[in-house]
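The values are calculated or read from the model by the stated rules, or taken from the named source; none is laboratory data. Keep in mind it's a predicted model, so treat the numbers as computed, not measured. Please note: Cβ atoms are built from the backbone with ideal geometry, for glycine as well, and neighbour counts cover all protein chains shown. Accessible surface areas use protein heavy atoms only, side chains included; no ligands, DNA or RNA. Shrake-Rupley method; radii C 1.70, N 1.55, O 1.52, S 1.80 Å.
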Amino acid sequence: MNHTHDHEHDHKHAHEHAHEHGRNDLAVFQHGRPPVDRSAIQGWGADLDRKNRPAYPMERMPQRLDAPLTQPDPQAQHVEVLVSPERPHMTPLFGSPQPPSGLSGVLRRAAFKTTENDIRHWLLLLLADRVNVVEGLAEDLARGHVPNIFAEMGIKAEWEHNRMGLVKKAAVVAAVAGVGYYLLKRRNDH
Amino acid sequence: MLAMNYRGPYRVRADHKPDPVIEHPGDAIVRVTRACICGSDLHLYHGLVPDTRVGTTFGHEFVGIVEEVGSAVTKLKVGDHVLVPFNVFCGSCFFCQRELYGNCHNTNPQASAVGGIYGYSHTAGGYDGGQAEFVRVPMADVGPTVIPPDLHEDDAVLLTDALPTGYQAAEMGDIAEGDTVVVFGAGPVGIFAAKSAWLMGAGRVIVVDHVEYRLDFVRRYAQCEVINFREVDDMALHIKKMTDWLGADVCIDAVGCEAAGNAMQTITGPYTLMQAGSATVLHWCINSVRKGGNVSIVGVYGPTFNAVPIGNALNKGLTLRMNQASVKRHLPRLIEHIQAGRIDPKQIITHRVPLEEVADAYHIFSSKLDNCIKTVLIPPSARQTRAVAATALN
Ligand SMILES: [Zn+2]
Ligand SMILES: [Zn+2]
């Protein structure tokens, strides 16, 4: 699209013009663009000039940030950190919580034998995440903590803000359980 | 310390965890005073992002007070009040030198496609996040920005992700004067993308969502037109009708991998994980934009593949741009916009919740209850400090 007008005034004028003269006009070429009262929009056009847009151009060198252009010193490694085969060096910085452990850890280590380009990498990690949930429950119980799963799912908020929905869900669960019980009982009776 | 603790899909709680420690001479420990829950946290909360380990603390949007600094930190001081961009980045690698801070190559050993992000799974570096009383902040001289005294803390916390991401979404759309911009998603990022589209000179801004209260909010806040896609048969056709059969100049995907609106996409995406989330909004963007138009993607997708109509994108000659926001690039200009009154980010905060109630806060946001737009979590230590300060004043 070409913008031939420099001033807001000209734009307003162009739109008025369009209304007066109908179809053979600039407005026709601005398909489907109804006039907007720009003065009513706080800050309209403040960054119309691309020079005002901080990420223009996309890659900007040199950067404006005052940062040392030397590789950071490596962080001391005390726990197992898995490394993608697509960037086979340990990065100088990394997160250290929740190192791989247990069966989920075995799956995660296996996942990191494949690249990020390999769908098995991601599927194994998702599987490991599910196994990890069971491990989390076992861990809670092992230290004598029975997790309040309803509270963890925010049942208090559900009760406060979606009581009808909660009642319906409970009714559906109760009905399914009831039917199941009835069917089982009937089968056992025969 | 008290911290949010992920236990599995749809299950989180506030738990006591060990305080974070300095692990690298460039680190700082920040005492969190506010942390947001982000729409993209929901993808973790729903178990859709690979390598989200049980016990992780989420939270990539936080502000706080510097509590401790490592031996190599020279610029940041204990007591500084800082906002911390969601990217963990070094400032010195190949990508940081090009101001692509969202793509830092030095902070995430576990994946090459994504840089480090606080509290965003081990795929994003395995860092614990800021929905806690304390958080480890690597490269403390590079990442954190000291909050100017006249900037409200609630505005500051929205500068860590939501506002810069919305702004960058508009910027990647390369909006020219008078352009028609369609933003998909009326969450915080979509709201700020719509607002930013006006700053860049849009002639028309249309926001699409299916939650009525969110549409009401964005219509008022960003003075835009809105479409509830539940009331529309075919999104691309609808946009074309609205634009004299040309299509929009710019389409922005501010939704990502859990888009509603197409059963097939939902089943193959979030339900069965056969693709990295439902690509519904990508389809709508590519098919609703005009030929030669721009599609900008900031909605989060998983790392696996997606069914995307790339043939249409080719035939229409589209420009597709996408990235995690390089927050630090945008801060000076966005702070100017806030100070000049062009944008008032804190208005989108609807909920302020004690960190102890994190499970309810996630549920409210995830289920879109109580007209929730944006939730801020406040840790107990932050509340105590404020109580002490208030007592001192009396
Ligand atoms: Zn976020
Ligand atoms: Zn870097």
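Descriptive notes on the structure:
- Candidates in the range B:77-96 are the residues that are without any contact (Cβ under 8 Å) to a residue 24 or more places away in the chain and more than 8 Å from ligand 2 (Cβ to nearest atom); of these, the one that is most open to solvent (accessible area, probe 1.4 Å) is B:Lys77.
- Filter result for B:Asp244 (at positive phi and either surrounded by 19 or more Cβ atoms within 10 Å (Cβ to Cβ) or out of contact with any strand residue (DSSP E or B) (no Cβ under 9 Å at 6 or more places or on another chain) (or both)): yes
- Test: residue in the range B:320-335 that is away from chain A (no Cβ under 14 Å) and either among the β-branched types (Val, Ile, Thr) or surrounded by fewer than 24 Cβ atoms within 10 Å (Cβ to Cβ) (or both): no
- In the condition set (1) in contact with a helix residue (DSSP H, G or I) (Cβ under 6 Å, 6 or more places away or on another chain); (2) closer than 26 Å to B:Thr52 by Cα; (3) aromatic (Phe, Trp, Tyr), B:Trp284 is compliant with all but (2).
- Restricting the search to strands (runs of 3 or more DSSP E) fully inside the range B:175-240 and requiring at least 3 residues that are within 14 Å of another protein chain (Cβ to nearest Cβ) gives B:180-184, B:204-209.
- Which listed residue, of B:Val63, B:Val54, is within 16 Å of ligand 1 (Cβ to nearest atom) and either in a loop (DSSP other than H, G, I, E, B) or not aromatic (Phe, Trp, Tyr) (or both): B:Val63
- The residues of the range B:77-114 that are within 16 Å of ligand 1 (Cβ to nearest atom) and either assigned to a helix (DSSP H, G or I) or of a type outside the set (S, T, N, Q) (or both), listed by number, are B:Leu83, B:Val84, B:Pro85, B:Phe86, B:Val88, B:Phe89, B:Tyr101, B:Gly102, B:Val114.
- Restricting attention to the range B:313-368 and to residues that are of a type in the set (D, E, K, R) and in a strand (DSSP E or B), the residue that is nearest to B:Ala193 (Cα to Cα) turns out to be B:Arg321.
- Number of residues in the range B:18-47 that are more than 13 Å from ligand 1 (Cβ to nearest atom), crowded, with 24+ Cβ neighbours inside 10 Å and in a loop (DSSP other than H, G, I, E, B): the value is 2.
- Options A:Lys156, A:Lys185: the member that is open to solvent by 60 Å² or more (accessible area, probe 1.4 Å), over 24 Å from B:Tyr362 (Cβ atoms) and not hydrophobic (A, V, I, L, M, F, W, C): A:Lys185
- Checking each residue in the range B:175-212 for being charged (D, E, K, R) and over 20 Å from the mean Cα position of the chain (by Cα) picks out B:Glu177, B:Asp179, B:Arg204, B:Glu212.
- Residue in the range A:104-126 that is surrounded by 21 or more Cβ atoms within 10 Å (Cβ to Cβ), modelled with pLDDT of 95 or more and in contact with a strand residue (DSSP E or B) (Cβ under 6 Å, 6 or more places away or on another chain) present: no
- Pairs with Cβ under 8 Å, 6+ apart, first in the range B:143-170 and within 16 Å of ligand 2 (Cβ to nearest atom), second open to solvent by 10 Å² or more (accessible area, probe 1.4 Å): B:Gly143/B:Lys328; B:Pro144/B:Leu76; B:Pro144/B:Asp80
- Test: residue in the range A:162-179 that is in contact (Cβ under 8 Å) with a residue 24 or more places away in the chain, within 27 Å of the chain's Cα centre (by Cα) and open to solvent by less than 70 Å² (accessible area, probe 1.4 Å): no
- Flag for B:Gly143 being away from ligand 1 (no atom under 14 Å from the Cβ) and touching a Pro at 6+ places or on another chain (Cβ under 7 Å): yes
- Among the conditions (1) hydroxyl-bearing (Ser, Thr, Tyr); (2) within 15 Å of B:Asp344 (Cα to Cα); (3) buried (at least 24 other Cβ atoms within 10 Å of the Cβ), the only one that B:Thr180 does not satisfy is (2).
- Scan of the range B:1-17 for residues that are polar (S, T, N, Q) and either within 16 Å of ligand 2 (Cβ to nearest atom) or surrounded by fewer than 23 Cβ atoms within 10 Å (Cβ to Cβ) (or both), ordered by number: none
- Residue check for B:Ala124: within 16 Å of ligand 2 (Cβ to nearest atom) and at pLDDT below 95: no
- So B:Tyr118, is it facing chain A (nearest Cβ under 10 Å), surrounded by 24 or more Cβ atoms within 10 Å (Cβ to Cβ), touching a Pro at 6+ places or on another chain (Cβ under 8 Å) and among the aromatic types (Phe, Trp, Tyr): no
- Number of residues in the range A:126-164 that are part of a helix (DSSP H, G or I) and in contact with an Asp or Glu (Cβ under 6 Å, 6 or more places away or on another chain) equals 3.
- Number of positions in the range B:145-160 that are part of a loop (DSSP other than H, G, I, E, B), open to solvent by 10 Å² or more (accessible area, probe 1.4 Å) and not hydrophobic (A, V, I, L, M, F, W, C): 4
- Looking only at the range B:288-312, and only at residues there that are free of Cβ contacts under 8 Å to residues at least 40 places away in the same chain and not in a loop (DSSP other than H, G, I, E, B), the one that is nearest to the other protein chains (Cβ to nearest Cβ): B:Gly292
- Any hit, the range A:134-142, residues being within 30 Å of B:His24 (Cα to Cα), open to solvent by less than 90 Å² (accessible area, probe 1.4 Å), at the interface with another protein chain (Cβ under 8 Å from one of its Cβ atoms) and at pLDDT 85 or above: yes
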